[in-house]
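One structure below.
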Amino acid sequence: MRQFVPKFQGRPWVSGEQVLHVYVCPRAGVDDELLRLVGRATEVMAPYPIDPQAPHCPADPGWLHLTVEMVADAPSAAISGADRAGLVKALADGLADFDMFETEVGPPIANVAGAVLDVWPDRQAVALQDRVRSVLRAVRGDRAVTPSADRPHLSLGYACAAADSDPLNSVLRTTITPRRAPLLVDRVHVVDVTWAYESMPGGDGWQMSWTPVAEIPLRGADPALPATT
């Protein structure tokens, strides 16, 4: 693996810049089996230069997320409050008839940028991504979407330095069981994502955070379930 560098509009991210995204975010009290799996993987990753997206505590999902899409045509500072509200409304309208679903993620795999959990089966996750992309194109034009060939996944952490990923993959494979966990997808989140280049225990690297903008339920979502914290 090598140091992860986030990108926006084909260039390295400007440290501190904010960009709107649509995410699926695991929740304590709903996706506890997944959070336990993530906690075990985070412990295994500790000796490696990977900044984890979730802390060791399995009750805290941290910054764990599945990226549905980035709003790629402009940074959030260039999107007015009215345009932001219009985007949220368009997403809510466009997803009103999209059914909630459950899928699975895993196994944990180290890759060139850190470590991930792939989503499988991914048919509904891809359909959700396609629906969100259609809404973004309708509201903000084709430049708002940058289709990726990458499969749906949750990032366990991002590399802040170069390292050999083979030993990590061996440990992940031999020590973590079960290797897959369910993920309930019953809502999406519009969030304002910031990447900042900072000093971290494993070396200087990119630290992600976000500010919530809106939570949009899918059809069939149970309002009694815990909200994302």
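Read-outs: derived from the displayed coordinates by stated rules, not from any lab. Just so we're clear, the structure is a prediction, and the values are computed from it rather than from any experiment. Positions of Cβ are generated from backbone atoms using ideal geometry, with glycine treated the same way; all protein chains shown enter the neighbour counts.
Counted by Cβ distance under 14 Å from R140, the other residues give a net charge of +1, where Lys and Arg count +1 and Asp and Glu count -1. Between the amide H of E17 and those of W195, distances stay under 5 Å, these residues lying 5 or more places away or on another chain, with hydrogens modeled in the peptide plane. Taking a Cβ cut-off of under 15 Å around P52, the surrounding Lys, Arg, Asp and Glu residues balance to a net charge of -2, with basic ones at +1 and acidic ones at -1. Sequentially through the range 165-171, phi angles give Karplus couplings (6.51, -1.76, 1.60; θ = phi - 60°) of 7, 4, x, 5, 4, 5, 5 Hz, Gly and Pro residues having no value and appearing as x. Assuming R0 = 25 Å, what is the FRET efficiency of R36 and R123, from their Cβ-Cβ distance, to the nearest 0.05? The value I calculate is 0.45. Backbone phi angles across the range 69-85, fed through the Karplus curve with coefficients 6.51, -1.76 and 1.60 (θ = phi - 60°), yield HN-Hα couplings of 6, 9, 7, 9, 7, 7, x, 5, 5, 9, 9, 5, x, 5, 5, 5, 5 Hz in residue order; Gly and Pro are listed as x.
Computed from the alpha carbon positions, the gyration tensor of the range 103-170 leads to an equivalent ellipsoid with semi-axes of 29, 16, 7 Å, biggest first.
Toward the positive end of the charge dipole of the chain, with +1 on the Cβ of Lys and Arg and -1 on the Cβ of Asp and Glu, the farthest Cα among C160, P178, P61 is that of C160.
Counting only Cβ charges, +1 for Lys and Arg and -1 for Asp and Glu, the dipole size of the range 1-100 around its Cα centre is about 380 debye.
Determine the shape class of the chain: with a ≥ b ≥ c the square roots of the Cα gyration tensor eigenvalues, call it rounded for a/c under 1.5, and otherwise prolate if a/b is greater than b/c, oblate otherwise. Oblate, because a/c is 1.5 or more while a/b does not exceed b/c.
What is the chain's relative contact order, in percent, from Cα pairs under 8 angstrom and six or more apart in sequence?
Normalised by residue count, the contact order of the chain is 34 percent.
Under a Gaussian network description of the chain, with springs only between Cα atoms under 10 Å, the residue in G86, G62, G114 that fluctuates furthest is G86. Within the range 72-115, which residues have the backbone N less than 12 Å from the label spot 7 Å out from Q9 along Cα→beta-carbon, could you tell me? 72-79, by backbone N distance to the label point. In the elastic network of the chain, a GNM with C-alpha springs shorter than 10 Å, the most mobile of V145, V14, V190 is V14.
Tell me, in nm to one decimal, what length is gained between A227 and D93 on full extension, where the rule is 0.36 nm per residue of separation less the Cα-Cα distance?
Difference between extended and current length: 46.2 nm.
Phi-derived couplings, Karplus 6.51 cos²θ - 1.76 cosθ + 1.60 at θ = phi - 60°, listed residue by residue for the range 29-42: x, 10, 10, 5, 4, 5, 5, 5, 4, 4, x, 5, 5, 5 Hz, with x used for Gly and Pro.
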